[in-house]
Every structure is written in structure tokens, then in C-alpha cells.
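Readers should treat all values here as calculations from the given coordinates under stated rules, not as data from a laboratory. Keep in mind that this is a model prediction, so the values were computed, not measured. We place every Cβ from the backbone using ideal geometry, glycine too, and count neighbours over all the protein chains shown.
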Amino acid sequence: MARAPGKHGRDQALDFHGFLNDLQDWELSLKDNDKKMKSQTSAKMSGGDRKPTGRTAALDSSRSNSREHGFSKFDVIDHISSNLLAEESSPDAVSEKELGNEYFKQKKFKEAIDCYSRSIAFSPTAVAYANRAMAYLKIKRFQEAEDDCTEALNLDDRYIKAYSRRATARKELGKLKGSIEDAEFAQRLEPNNQEVKKQYAEVKSLYEKEILKKASGSLRSSVQGVQKVGKSEAKVDRVHSISSGTQRSGVSAVEEDSSKRNCRNGKQELKSSVQELSCRAATRAMTEAAKSFTPPNSAFQFEVCWQGFCGDRALQARLLKVTSPKALPQIFKNALSASLLIDIIKCVATFFIEDMDLAVKYLENLTKVPRFSILIMCLSSVDKADLYKLWDQVFCNEATPMEYAEILDSLRSKYCFNQL
């Protein structure tokens, strides 16, 4: 059964109807005033010049005021309607993004960029940044595309399109190492995505070719130096053979053939040794390139790199050292696991003695990571035992300076709060 409108609703309806009735009366009075004005004008033209009085004067005043302000009943209604339409058609982040998508489909990339920029101004989202990055790629503005993808990943560090598009931008900019890292992250997020697999294979091939080219260049310069020395020795041998030509006139054909075979074998051995050296140099160069770290800006990136160096605590320590201790809470947010936390603490213990100040900063900032206390509570008995052992034997031993010992002693309650 329909609910009857309340008293407040009825009052509002009556007020609105009364307003319309007043407007209609006003309009009728204006029309009546027009007629009287015409009759007065006619009378004036016929010789009368009388001033309006009473009701006529009031209507004239109302008429003049309405003309002065320039509005009527319909003007008010039109004004209200136009305001409503303006509110409905006012731009926002979503409408600008959708308009940008339409321009992109029409290959009007500059117009699409403008729309995405307005959408970002209204409300910055990872999708809007990634879409604008794609438009930048289309017009070959690769640096802007890389920057937009980075902004998108700052908002959503698992957005695969941002990784893929930044990999493309970095490849075009010649940043092949960064490109292959992004392509690898994208592949880890979607292992069955064929386009991402193809992109990763292409970037990896280019990266390996570049490393091999650099290694071959350095090797070629070394081989050329060896060849120069060999040519000098050959000249000396040739002079010596000319001076003793009479002695070599009795060399048999069999010995000559044997000498040629030895020469060929020597060249083959040199060629194989050059190839082996080239492979070694390429492997060594790729290993060194892998050791040049870039600071991770998300938990996903950190964990991927960390697991990639599994078993090599020195490389994990280098990765940790390029990561600012103050950035740990922002990087991990709610994504830090208990196992990774224990692994990081063990890694900190490996360089605690040599860089005590940095190690203490890592331990302090790890406690600021969200859910830290819950992670400590959820540790297994084995992990807790390892943690207590590290604290007693490494962090708070007799060799620890007093200024650090006090800080570490206060941190013990957070890391080992349930120690018996």
C-alpha cells in the first residue's frame, strides 16, 4: 500500500504550486498593464497627457521592474532546468577517462592524452596513468610513458599493464635491464599470458645480445693484442729462416705437410679457445650486470628479487642495502610475510658487525611495518628460537657498543616479547 506523503512534503508541494500561481498572476497583470499602456499611449497621441495613478501606476512599476531585471516565469524555470542539466553534464574523472578511450580508438592520441590528464586531475588512478602512458607510446614520447607507468605502479604495484607498458618504454629508451625486470614481473603476475611471454622473450634476447656484444668487443681488443705479438714473432722467424735458407733446402715434403697440419690445428685450437673465452666473458658480464641493483618500490618487486638471490646471502644483503630503511613500511605495507621477515633479520645479522648503524636502522624500521606485532606472534617455535639466538649472540653480545646496546635492548621487547 502506498505511503501517504508527510506533512512536510505536502507543504513543499503547496508552496511550489503557490509560487507558480503567483507567477501566472504576475504575467496576467503584466499583460493587462500592456493593454492599458497602449490605451494611454493612444489617448496621449489624441491630445491627453495624463499620468497613471493607483493600480495602473503599481502595474507600471511592476512592468518596469520586470523589464529592468529581464526575467519572467519562464526565465526562472529555464534557469532551474539549465542548472540541473549543467550538473548532469559536468565532467568528472570517469567521463574524462571514457572520452579519452574514445579518442584513443579513433587514433587521436593527443586528444586522448588531454582527457586522461583531466581525469588524473579529478582523481588519479592507476588505470588513467597507464592509459595515458599507452597514448604516449603511440606518439613515441617514451620518457613520459615510463613516468606515467611508474606513477600507476605507485598506486597499484600489481597492475600488469603498467609493468608491460613500462617495459616497452624502457626498451625504446635503451634501458634494457629495467625493461627485462618489468617484463619478468609481468610474466610472474600472469604466467599464462602469451603476449607477456612474447615480450619477455624479445627483451631478454635483446639484453643478452647487448651483453654479448660488449663482451665480444673487449675480447676482440684482447685478441688483437695477442695477434700483434704473434705477427712480430713471425717476422723474426721469417728473418731467421732466410738467413738459414741453405740449411732448410733439404726439408722433405712429408715434414712440410706435417707443418701445415700443425698450423691448421693451431688455428682451430685458437678459434675454439677464443669462443670459450667469449662465452666466459659474456657469462661474467651478465653476472655482474645482475648484481647492479635498483631499489624496489613495492613488496612484490622486493620479494621477486630476494627469491632470485636465494642461497646467496651476500647478494641479498646488497639488495637490502640499496633499499632505504625508512622506506620499508611504505614498501611492504600489509604484504610482509613472517618467513620473509625472519629471512631479512638473518640477513641483517650477517652485516651487523661491519655496519652496525645501518643494521640497527633496519631493525627499527621493520617494527613500523603494518602487522609487525601479529607476524611476530605467528612465528613458529623454530623461528622464535632462531630469533632469540640472534638477539643474544649477535645483536646484544658483549662487543656491542653501549649506544647501540640500549636501542637493541629496547627493541628486544618487540622482537622477543614472549621470551620466557
Q) Relative to the present Cα-Cα distance, how much length would full extension add between Lys198 and Tyr388 at 0.36 nm per residue of separation? A) 63.6 nm
Q) Among Leu155, Ala183, Val203, whose Cα sits farthest toward the positive end of the charge dipole of the stretch 92-210 (+1 at Cβ of Lys/Arg, -1 at Cβ of Asp/Glu, about the Cα centre)? A) Val203
Q: Figure the gain on full extension for Cys416 and Asp32 (residue separation times 0.36 nm, minus the Cα-Cα span) and round it to one decimal in nm.
A: 128.9 nm
Q) Which length gain, in nm to one decimal place, applies between Glu403 and Leu173 when the Cα-Cα distance is subtracted from 0.36 nm times their residue separation? A) 78.0 nm
Q | FRET efficiency estimate (nearest 0.05) - Cβ-Cβ, Lys333 to Ile139, R0 41 angstrom | A | 0.75
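Greater than 26 Å separation of Cα atoms is the criterion. Which listed pairs, Lys110/Lys197; Lys209/Lys346; Lys138/Lys198, meet it?
Lys110/Lys197; Lys209/Lys346
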Q. In what sequence, highest mean first, do 355-368, 172-185 appear when ranked by Cβ atoms within 10 angstrom?
A. 172-185, 355-368
Q: With a 10 Å radius around each residue's Cβ, average the other Cβ atoms per peptide and rank 307-315, 200-208, 112-120, 403-411, highest first.
A: 112-120, 200-208, 403-411, 307-315
